[in-house]
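The values are calculated or read from the model by the stated rules, or taken from the named source; none is laboratory data. A quick note: this is a predicted structure, and the numbers were derived from the prediction, not measured. Backbone-built Cβ (ideal geometry, glycine too); neighbour counts: all protein chains shown. Note: accessible area is taken over every heavy atom of the protein model, side chains too, but ligands, DNA and RNA are not part of it. Shrake-Rupley method; radii C 1.70, N 1.55, O 1.52, S 1.80 Å.
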Amino acid sequence: MADTHHLIKTILIPQVAELLMKNKGLSEDDALKTIYESRVAKLLEDDSMGLYGQSALYLYGLIESE
């Protein structure tokens, strides 16, 4: 099951980065840096939190509210 969660995360992270680039005008590198330096990234690594099951838009909103 953890492999499935990992695959989902590899799809979600680029989607969140795309939202940051589109809505905030960030470069791809800056968008990814924003994601990986956020509290959301740490929570996303914890499968027990279930964030891997949320939408990219939801994760984007969490990052925006930090």
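Brief remarks on what is shown
- Computed over protein heavy atoms with a 1.4 Å probe, the accessible surface of the chain works out to 66 Å² per residue.
- Dipole in debye (nearest 20) - the chain, about Cα centre, beta carbon charges: Lys, Arg +1; Asp, Glu -1: 140
- Extended-chain gain in nm, criterion 0.36 nm per residue less alpha-carbon gap, residue 6 and residue 49: 14.1 nm
- Accessible-area composition of the chain, carbon plus sulfur, in percent [1.4 Å probe]: 55
- Think of it as helices only: each DSSP H run of n ≥ 4 in the chain is worth -39500 (n - 2.57), and spread over all residues that comes to -22500 deg cm²/dmol at 222 nm.
- Surface/4 estimate of mean projected area, convex hull on alpha-carbon atoms of the chain, nm²: 3.9
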